[in-house]
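Enquirer: Mind looking over this structure? Questions follow.
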Amino acid sequence: MVQDTLFSAGEEVELRPIADGLVRTTLGRGAWLDFRPGWVAGAGELFGRLERSVPWMAERRLMYERIVDVPRLVCFYEDCAAVPDASVEEMRRALSSYYERSLGEPLETVGMCLYRDGNDSVAWHGDRVGRSSHEDTVVAIVSLGATRRFVLRPRGGGPAFRIDVATGDLLVMGGSCQHTWDHAVSKSRRPVGPRISLQFRTRGVR
């Protein structure tokens, strides 16, 4: 379902219609990318609320045969769990409604990452834990805060696709994207402020 009007998503935050200004890029190998710049009005206000209210955690994980610090702070809300801001819940509902035809199911989980500065990043990966290792799915990302470059490349090699994602922008990876492409947010050599990434996924996808 396509929204026809603006609707409130919490104090001083509004979600604009997803379809207005949405651009779909066919990546190939059954993958596609939707980009809707400026979906969230009042993104700065929401960034501040989430930065203060989310119980951010530092993680350590095994990479390259050693335990390392994950270069960002994280928080994850399981299937349909209560989230710390009404605006985030409104996003989950709006995205589920818009993509329900292609998905056949709602977006249920919400992952959050706080990139504190340009030294924080996420390495090349696909969200392939669970069904997305072999099933097509949708991963919707809402960006708040500093602009960072989002990069995708085909698994096994090939030309990369780059896009600068600014505050309030919506980026949606769909089709086979998680099991045929990898994506990353690289470290920045220039000074850059903090950024929060909200990731909306279906049940059983990480």
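Enquirer: Taking segment 153-177, which residues are in contact with a strand residue (DSSP E or B) (Cβ under 7 Å, 6 or more places away or on another chain) and farther than 23 Å from ALA19 by Cα?
Expert: ARG153, PRO154, ARG155, ALA160
Enquirer: Go through (1) at pLDDT below 95; (2) closer than 17 Å to MET112 by Cβ for ARG195 and report which single condition fails.
Expert: (1)
Enquirer: To continue, here is another question. Output the number of residues of segment 85-105 satisfying the condition of being touching a helix residue (DSSP H, G or I) at 6+ places or on another chain (Cβ under 8 Å) and at pLDDT 95 or above.
Expert: Going through segment 85-105 one residue at a time, the tally reaches 4.
Enquirer: Could you list, in sequence order, the residues of segment 168-181 that are part of a loop (DSSP other than H, G, I, E, B) and either over 12 Å from the mean Cα position of the chain (by Cα) or free of Cβ contacts under 8 Å to residues at least 40 places away in the same chain (or both)?
Expert: SER176
Enquirer: Related question: Only one of these is in contact with a Ser or Thr (Cβ under 9 Å, 6 or more places away or on another chain) and more than 26 Å from SER87 (Cα to Cα): SER188, SER197, SER143, SER133. Name it.
Expert: Within the list SER188, SER197, SER143, SER133, the selection yields SER188.
Enquirer: Mind checking which residues of segment 67-97 are in contact (Cβ under 8 Å) with a residue 40 or more places away in the chain, under 21 Å from ARG195 (Cβ atoms) and not in a helix (DSSP H, G or I)?
Expert: If the condition is that a residue be in contact (Cβ under 8 Å) with a residue 40 or more places away in the chain, under 21 Å from ARG195 (Cβ atoms) and not in a helix (DSSP H, G or I), then PRO71, ARG72, LEU73, VAL74, ASP85 are the ones that fit.
Enquirer: Turning to a different aspect of this structure: Taking ARG195 as the residue in question, decide whether it is in contact (Cβ under 8 Å) with a residue 60 or more places away in the chain and either more than 15 Å from TRP39 (Cβ to Cβ) or crowded, with 21+ Cβ neighbours inside 10 Å (or both).
Expert: Answer is yes for this residue.
Enquirer: Now a separate question. Given the condition surrounded by fewer than 16 Cβ atoms within 10 Å (Cβ to Cβ), touching a Cys at 6+ places or on another chain (Cβ under 8 Å) and part of a loop (DSSP other than H, G, I, E, B), answer yes or no: does some residue in segment 39-57 qualify?
Expert: Yes.
Enquirer: Name the single residue, out of those in segment 129-150 being over 15 Å from the mean Cα position of the chain (by Cα) and in a loop (DSSP other than H, G, I, E, B), that is farthest from MET91 (Cα to Cα).
Expert: Checked segment 129-150; the qualifying residue farthest from MET91 (Cα to Cα) is HIS134.
Enquirer: Quick check on ASP34: is it buried (at least 17 other Cβ atoms within 10 Å of the Cβ), part of a loop (DSSP other than H, G, I, E, B) and among the acidic types (Asp, Glu)?
Expert: It is false that ASP34 is buried (at least 17 other Cβ atoms within 10 Å of the Cβ), part of a loop (DSSP other than H, G, I, E, B) and among the acidic types (Asp, Glu).
Enquirer: Now a separate question. Kindly indicate whether VAL142 is hydrophobic (A, V, I, L, M, F, W, C) and over 29 Å from ARG101 (Cβ atoms).
Expert: So VAL142 fails the test.
Enquirer: On to the next question. Filter segment 117-153 down to residues that are within 17 Å of GLU59 (Cα to Cα) and either among the hydrophobic types (A, V, I, L, M, F, W, C) or buried (at least 17 other Cβ atoms within 10 Å of the Cβ) (or both) and give me whichever is modelled with the lowest pLDDT.
Expert: ALA123
The values are calculated or read from the model by the stated rules, or taken from the named source; none is laboratory data. All values derive from a computational prediction rather than experimental measurement. Backbone-built Cβ (ideal geometry, glycine too); neighbour counts: all protein chains shown.
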